[in-house]
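The values are calculated or read from the model by the stated rules, or taken from the named source; none is laboratory data. What you are looking at is a predicted structure, and each value in this text was computed from that prediction instead of being measured. Glycine also receives a Cβ, built like all others from the backbone with ideal geometry; neighbour counts cover every protein chain displayed. Side chains included, ligands, DNA and RNA excluded: accessible areas come from the protein's heavy atoms. Shrake-Rupley method; radii C 1.70, N 1.55, O 1.52, S 1.80 Å.
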Amino acid sequence: MITQFEFDGIKSSVFGLYLCSFNGKSDGAKPVGNEMTINTVKAPKKNRFIQTGVTYETPLTFSFQVVKYNCWGEDMEITPRELAKIMRWLVRKDYRYLRFDQIGWDNVFYNCTLKVQKYEIGGVIRGLEIEATCDAPWGYSERKEHILNLDGTNACSIFNYSDEDGGILPDLVRIEMLGTPGELSITNTFSVDQDENKTKTIIVKIKNCKRDEIIELDRHKNIRSSMDHEGLINDFNHVFLELFSDFNQYENVFTSNEPCSITIYVREIRKGVPV
């Protein structure tokens, strides 16, 4: 059972707000973030259709209701000043993370904007109806940290347990050069459907690296260095590390040509909504 939610790191209980259902209905169909459009073309001279692509046409949206409530079991009024403060907290111009306090869902984060409407009973504001519009057709896991210590000969693995097949860009990849100055090459190899004969390979190459230099790559496809690395943009092959997964395989195997330490911060894809 859900009791409260958290938005931008602040719990709704701070404002005395707890989840409820004003119409008394909590069962039935609910969004889970799987609204796909499959594009097809008809095969010439055949009664068959060939799939040409799959796209998500809309972001995940869902709504929920909250009531102001105290520990004595009383519904309370939301005053105009309280409403103004709550609106300032919930209505933002950019995406913020939302999550719900429920076992199994407390580590699922929805990067979203919120639309808020007041819920009046007898001319008094008793609660709110909140509609969330996400930045994607799904939510995300908590931010995970993976540290890989590569010596130029060994391999390290990261497992991507996302609820969606394909690749995801980490929030941040931090690479510390520990070897001989020169070109650094980092490879991620993924065996599709656990078939070693079908692989996806990502190779990141950065020339003219210096020892102890720290290079960062982010999910917005920016690159920066801790040192004065003149010409870094030209030294980089503009391939960004991705973590892959499919229905049968989760393992991503990393190797490098020089010793380096790699720290990867990533949120895996999570589908479904608890409300």
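A few remarks follow.
- Calculated FRET value between residue 171 and residue 226, using beta carbons and R₀ = 22 Å, to 0.05: 0.75
- A crude spin-label estimate for the pair residue 219 and residue 95, with each label 7 Å from Cα along the Cβ direction, gives 0.7 nm.
- The loop-placed GluC sites (Glu not before Pro) in segment 121-217, going by DSSP, that have at most 11 neighbouring Cβ atoms within 10 Å of their Cβ come out as 196.
- Applying the criteria of a DSSP loop state and at most 11 other Cβ atoms within 10 Å to the trypsin sites (Lys or Arg not before Pro) of segment 78-186 yields 93.
- Magnitude of the charge dipole, the chain, Cβ model with Lys/Arg +1 and Asp/Glu -1, debye to 20: 960
- Derived from the Cα gyration tensor, the three semi-axes of the equivalent ellipsoid of segment 49-123 are 34, 16, 13 Å, largest first.
- Total formal charge among the other residues, if their Cβ is under 14 angstrom from that of residue 117, Lys/Arg +1 and Asp/Glu -1: 0
- The Kirkwood radius of segment 46-186, taken over pairs of alpha-carbon atoms, gives through the Stokes-Einstein law at 20 °C and 1.002 mPa s a diffusion coefficient of 107 µm² s⁻¹.
- The calculated FRET efficiency for residue 199 paired with residue 45, based on their beta-carbon distance and R0 = 41 Å, is about 0.70.
- Placing a pseudo-label 7 Å from each Cα along the Cα-to-Cβ vector at residue 207 and residue 161 gives an inter-label distance of 4.2 nm.
- Phi angles of segment 267-273 translate, via the Karplus equation with coefficients 6.51, -1.76, 1.60 and θ = phi - 60°, into HN-Hα couplings of 10, 7, 7, 10, 9, x, 9 Hz per residue; Gly and Pro are given as x.
- Here the mean projected area of the convex hull built on the C-alpha positions of segment 199-247 is 4.4 nm².
- The Rg/Rh ratio for segment 156-275, using Cα coordinates for both the radius of gyration and the Kirkwood hydrodynamic radius, is 1.01.
- Tilt relative to the chain, helix 80-90 - C-alpha long axis, 0 to 90 degrees, to 10: 20
- Gyration tensor (Cα) of the chain, equivalent ellipsoid semi-axes in angstrom: 44, 26, 16
- Other-chain or far-sequence residues with amide H under 5 Å of residue 125's (modelled H): 78
- Each principal axis of the Cα atoms in segment 103-220 has its own extent, and those three values, largest first, are 74, 36, 24 angstrom.
- Heavy-atom accessible surface of the chain: percent carbon and sulfur, 1.4 Å: 48
- One Cα centroid belongs to segment 205-222, the other to segment 109-133; the line between them spans 44 Å.
- Calculated on alpha-carbon atoms, Rg and Dmax of segment 90-153 in Å: 18.3, 72
- Solvent-accessible surface of segment 162-266, averaged per residue with a 1.4 angstrom probe and all protein chains in place: 50 square angstrom.
- Entry note: segment 133-190 has Rg to Rh equal to 1.03, where both radii use alpha-carbon atoms and Rh is the Kirkwood radius.
- q = 0.29 Å⁻¹: log10 I(q)/I(0) that the Debye formula gives for segment 229-268, counting C-alpha atoms only: -1.20
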